[in-house]
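Quick notes on the structure that follows.
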Amino acid sequence: MASASPCACGAPSPLVRCPLSLSLPFASFPPAVRLAAPPLLPRRLSVSRPRAASALEALVLESDDEDEDEGEESEEESGAGLFQGEAWAAAAEERNAVRSPELQVFELEELPEQWRRSRIAWLCKELPAYKHSTFTRILNAQRKWINQDDATYIAVHCLRIRNNDAAFRVYSWMVRQHWYHFNFALATRVADCLAREGKVEKCREVFDAMVKQGRVPAESTFHILVVAYLSVPGGRCLEEACTIYNQMIQMGGYNPRLNLHNSVFRALVSKTGGTAKHNLKQAEFVYHNIVTSNLAVHKDVFVGLIWIHSYQDIIDRDRIKALRDEMKRAGYEETADVLVSLMRAFSKEGDIKETKATWHRLLQSGCELPAQAYICRMELYARTGEPMKSLEMFKEMKGRNVPLNVASYHKIIEIMSKAREIETAEKLMDEFVESHMKHLMPAFIDLMYMYLDLDMHDKLEQTFTKCLGRCRPNRILYTIYLESLVRIGNIAKAEEIFGEMHKNGTIGTNAMSCNIMLRGYLSAEDYQKAESIYDLMCKKKYDVPVDTSEKLQNGLLTSKKAVKPPKPVSMKLDEEQREILIGLLLGGTQIESHARKGVHIVNFKFQKDSNAHSVLRAHIHERFFEWLPSACRSLNDDSEIPYQFSTIPHTHFGFYADQFFLKGQPVLPKLVHRWLSPRVLAYWFMFGGFRLQSGDIVLKVSGGNIDGIERIVNSLQTQSLTCKVKRKGRFFWIGFQGSNADSFWKIIEPHVLDSFTGSTMEESRSIGSDGSGDSDTDYEDDTQRYNTETEQ
């Protein structure tokens, strides 16, 4: 059965746990918990703490004993939102408060045949000790006599001895047999136990199977699956948790417990403001459900909602006022967090009176003034045209010994740059650099915009050079410098910078940079190069201003060169795009069928918590720009690029759909060994692989069987690359160690994005097309040890 979970990931992670407490962040591990079983079972079903494997041994070492070493780690949730470290969301005992439907299972003594009792007892004893392929082969050998009741007993026995992986394997084998009839109680029990152990991918697989059968999953399954998704480190599966939570209410008609409402809400506001502001609709939905269920609204729910509203681009003052009134009626006082949120909202609207009034209330509260309150006042004065008062507020922060942070420097440098206070902005920038704080890029960009507006091109170039020495380059930085070079007529240098942008995948070119270069060529009356840029822009479907197009045509006429009609855009993947797509498909990118026959869509999905995927996301968006729908092409800058976007429907993707997918499931093409060029391997590594601190490299293979893996391994061996292969659940992992890792890196390095190498270290838990941290223990030995085994 295929998992429909977009959050499912085969990457091994020792950090995945499903704590019994619903309070966030879910960083602690629970003690073993016992789940009461039906009276017919001789023992009570129990769930133990899941085992973990180390990051390297679990993937590339050959010993199965090393795969099963237990270890524990803790990982703090990324983001700095509200309520970090507070435990108001739920109590520990609430995890098992929602019970599963009763599962009826016979006793062995009830079976009349002695031989059947003996065989079932032998299977219960032996099966849990075997790995996946041997496990399946043993079950296949019992097909002549085993039936659904027998297999159900074995699955329940595995749950009873806390081997949920074995129970899932038995269940998965059962559903593929001709005699199988859907057993809702068994599916529910398997799903619940898997979710309690943090195996969200497998639980979601069983969950989706229940929905496909036309059954509404039990309340316990909804409840525990939401908690399991919320427990994934870094909040990577928040979107999936909200989807299941919404289905629990809308599809199941259940009334979740208060602690589940609070847990979901807490996760929504536990990110930074810039990220959490997109969760407003979901947060309001959670609040609505709490209110309509006549449950008590916690104070922090009011605080969190006001906080999210204060980060919106358009402030809804009526809604904020209504929330404040509800908070007052509930008997809660407005805390410092609420007052700061109100200041943020009022300052965005330029409301001086309300902002000052809230500031005085904050002073009277006697609490320590946060830096964010000063930043709100700085923004207020900037909006009202009083930038020097913003500078006074910044100096007051220093006078009151309020710790200066990155946000305060960003804001004051932005304000001084827009006010064209050159000396002040430069002095603040020097102070910012000397503070050794990170994230200098926004401040450098503000300075460069100021120099560009003032035609101070020499200082702009100096700032550009200084920025490259301290920050990772990006497209905005290069675009500003390119504009400066074109304005002063240095077309040769501009052409060099444009070529560097185009070749460097980390930076890339876009419609703005191409238009700047086109204007430069036209101003230099180099119409041949201008025409080549124009053809490139037509191919990429970049917008060309009408006056620029007319100037090009007039220039071509003046130079007595025949004006060619615009070439029809041929929608065809070039060689680079084909190799990139193959690499991404090997790493887990999905292709969907369209309503029209023979037409397919490529879905690109990147991990929000991965720096490597953040870099790759902008690069893929630029490389496949002409294949994206108009909505995805009309973005102002890279920060607006979504982490998930799709191409337009096109027949050209049909070949790749046929090669990499069979009946909707990922497979390896028969000719995959011929397609493993250095660029394909590089993009496979960047999307579905990672490099450990030891230098070893690991690649995840999405789909495929042992024959396809062998073809890949043999192809790599022809390039003098020796690798090891592991199977983990439904995924294969290919690992390169020592000198082989170095050799592999030398092959792919020319095609790896410049800023990518520092982003891939130890991001193994979030790399790939999936986001789940399912901690399986389904390891296999090297391919040579089971290359004759088949699964049915």
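Which residues, counting only those in the stretch 361-381, are open to solvent by 40 Å² or more (accessible area, probe 1.4 Å) and assigned to a helix (DSSP H, G or I)?
Residues satisfying the conditions are Arg361, Leu363, Gln364, Gln372.
Scanning the stretch 382-397 for residues that are within 38 Å of the chain's Cα centre (by Cα) and open to solvent by 70 Å² or more (accessible area, probe 1.4 Å) yields one hit, Arg383. For the stretch 296-335, a residue qualifies if it is hydrophobic (A, V, I, L, M, F, W, C), crowded, with 18+ Cβ neighbours inside 10 Å and either in a helix (DSSP H, G or I) or touching a residue at least 60 places away in the same chain (Cβ under 8 Å) (or both), and the qualifying residues are Val301, Phe302, Val303, Leu305, Ile306, Trp307, Ile308, Ile320, Leu323, Met327.
In the stretch 379-398, the residues that are touching a residue at least 24 places away in the same chain (Cβ under 8 Å) reach residues that are basic (Lys, Arg) and open to solvent by less than 30 Å² (accessible area, probe 1.4 Å) with C-beta atoms within less than 8 angstrom, at least six apart or across chains, in these pairs: Ser390/Arg377. Would you please name the residue that is most open to solvent (accessible area, probe 1.4 Å), looking only at residues in the stretch 605-636 that are modelled with pLDDT under 85 and in a loop (DSSP other than H, G, I, E, B)? Only one residue tops the list, namely Lys608.
Please go through the stretch 523-541 and give me each residue that is part of a helix (DSSP H, G or I) and either open to solvent by less than 10 Å² (accessible area, probe 1.4 Å) or of a type in the set (Asp, Glu) (or both), ordered by number. Quick ask: steps written out before the conclusion?
First pass over the stretch 523-541, keeping only residues part of a helix (DSSP H, G or I): 523, 527-539.
Passing the criteria: Ala530, Glu531, Asp535, Met537.
I need a count of the residues in the stretch 140-166 that are farther than 17 Å from Phe106 by Cβ and not acidic (Asp, Glu).
Within the stretch 140-166, the first condition is being farther than 17 Å from Phe106 by Cβ, and the residues that meet it are 140-144, 161-166.
From what is left, the residues that are not acidic (Asp, Glu) are 140-144, 161-164, 166.
Of the residues in the stretch 140-166, 10 are farther than 17 Å from Phe106 by Cβ and not acidic (Asp, Glu).
Filtering the stretch 206-225 to residues that are open to solvent by 10 Å² or more (accessible area, probe 1.4 Å) and within 23 Å of the chain's Cα centre (by Cα) leaves only Asp208. Within the stretch 250-277, if we keep just the residues that are in contact with a Leu (Cβ under 9 Å, 6 or more places away or on another chain) and hydroxyl-bearing (Ser, Thr, Tyr), the residue that is modelled with the highest pLDDT turns out to be Ser263. For the stretch 648-655, the condition holds for no residue, the condition being that it is touching an Asp or Glu at 6+ places or on another chain (Cβ under 6 Å), at pLDDT 90 or above and more than 20 Å from Gly505 (Cα to Cα).
Within the stretch 96-135, being surrounded by fewer than 18 Cβ atoms within 10 Å (Cβ to Cβ), part of a helix (DSSP H, G or I) and not acidic (Asp, Glu) holds for Leu108, Gln114, Trp115, Arg116, Arg117, Ser118, Arg119, Ala121, Trp122, Lys125, Ala129, Thr134. Do we have Val170 as in contact (Cβ under 8 Å) with a residue 24 or more places away in the chain and open to solvent by 10 Å² or more (accessible area, probe 1.4 Å) here? No; evaluated as a whole, the condition is false for this residue. Taking every residue in the stretch 196-213 that is within 22 Å of Arg160 (Cβ to Cβ) and part of a helix (DSSP H, G or I) and pairing it with any residue that is of a type outside the set (A, V, I, L, M) and modelled with pLDDT under 90, at least 6 positions away or on another chain, the pairs with Cβ-Cβ distances below 6 Å are Arg196/Cys18; Glu205/Ser3. Within the stretch 235-253, is even one residue over 30 Å from Asn183 (Cα atoms), within 23 Å of the chain's Cα centre (by Cα) and buried (at least 20 other Cβ atoms within 10 Å of the Cβ)? Scanning the stretch 235-253 turns up at least one residue that is over 30 Å from Asn183 (Cα atoms), within 23 Å of the chain's Cα centre (by Cα) and buried (at least 20 other Cβ atoms within 10 Å of the Cβ). Scanning the stretch 432-457 for residues that are under 19 Å from Val406 (Cβ atoms) and among the charged types (D, E, K, R) turns up Glu434, Lys438, Asp446.
Counted as qualifying within the stretch 652-760 are the helices (runs of 4 or more DSSP H) with 1 or more residues that are open to solvent by 60 Å² or more (accessible area, probe 1.4 Å), namely 654-660, 706-718, 739-748. There is at least one residue in the stretch 637-648 that is part of a helix (DSSP H, G or I), open to solvent by 10 Å² or more (accessible area, probe 1.4 Å) and not acidic (Asp, Glu).
With the requirement that a residue be under 13 Å from Ile244 (Cα atoms) and out of contact with any Phe, Trp or Tyr (no Cβ under 8 Å at 6 or more places or on another chain), what does the stretch 206-217 give you? Talk me through it step by step, then tell me what you get.
Step one: filter the stretch 206-217 for residues under 13 Å from Ile244 (Cα atoms), giving 207-208, 211, 216-217.
Matches in the stretch 206-217: Phe207, Asp208, Val211, Val216.
So in the stretch 532-563, with the set limited to residues that are more than 23 Å from Arg633 (Cβ to Cβ) and touching a helix residue (DSSP H, G or I) at 6+ places or on another chain (Cβ under 8 Å), which one is modelled with the highest pLDDT? Looking at the filtered set, the residue picked out is Lys551. Cβ-Cβ distances below 9 Å connect the following pairs, each with a first residue in the stretch 468-482 that is touching a residue at least 60 places away in the same chain (Cβ under 8 Å), a second residue that is small (Gly, Ala, Ser) and assigned to a helix (DSSP H, G or I), and a separation of six or more residues or different chains: Arg472/Gly758; Asn474/Ala618; Arg475/Ser513; Arg475/Ala618. Annotation note: Cβ proximity below 8 Å between a residue of the stretch 403-418 that is at negative phi and crowded, with 16+ Cβ neighbours inside 10 Å and a residue that is small (Gly, Ala, Ser) and not in a helix (DSSP H, G or I) (sequence gap 6+ or interchain) occurs for Leu404/Ser435; Tyr409/Ser435. Criterion applied to Arg189, Arg143 was being assigned to a loop (DSSP other than H, G, I, E, B), out of contact with any Lys or Arg (no Cβ under 7 Å at 6 or more places or on another chain) and either open to solvent by less than 10 Å² (accessible area, probe 1.4 Å) or closer than 23 Å to Ala129 by Cβ (or both), and the one residue passing it is Arg143. Going through the stretch 586-601 one residue at a time, which ones are under 17 Å from the mean Cα position of the chain (by Cα) and open to solvent by less than 10 Å² (accessible area, probe 1.4 Å)? Hits for the stretch 586-601 are Gly587, Gly588, Thr589.
All conditions but one from (1) surrounded by fewer than 19 Cβ atoms within 10 Å (Cβ to Cβ); (2) under 27 Å from Val216 (Cβ atoms); (3) of a type in the set (Val, Ile, Thr) apply to Val156; the one that does not is (1).
The values are calculated or read from the model by the stated rules, or taken from the named source; none is laboratory data. Keep in mind that this is a model prediction, so the values were computed, not measured. FYI the Cβ positions are ideal-geometry reconstructions off the backbone, even for glycines, and counts take in every protein chain you see. We work out accessible area using only protein heavy atoms, side chains counted, and drop any ligands, DNA or RNA first. Shrake-Rupley method; radii C 1.70, N 1.55, O 1.52, S 1.80 Å.
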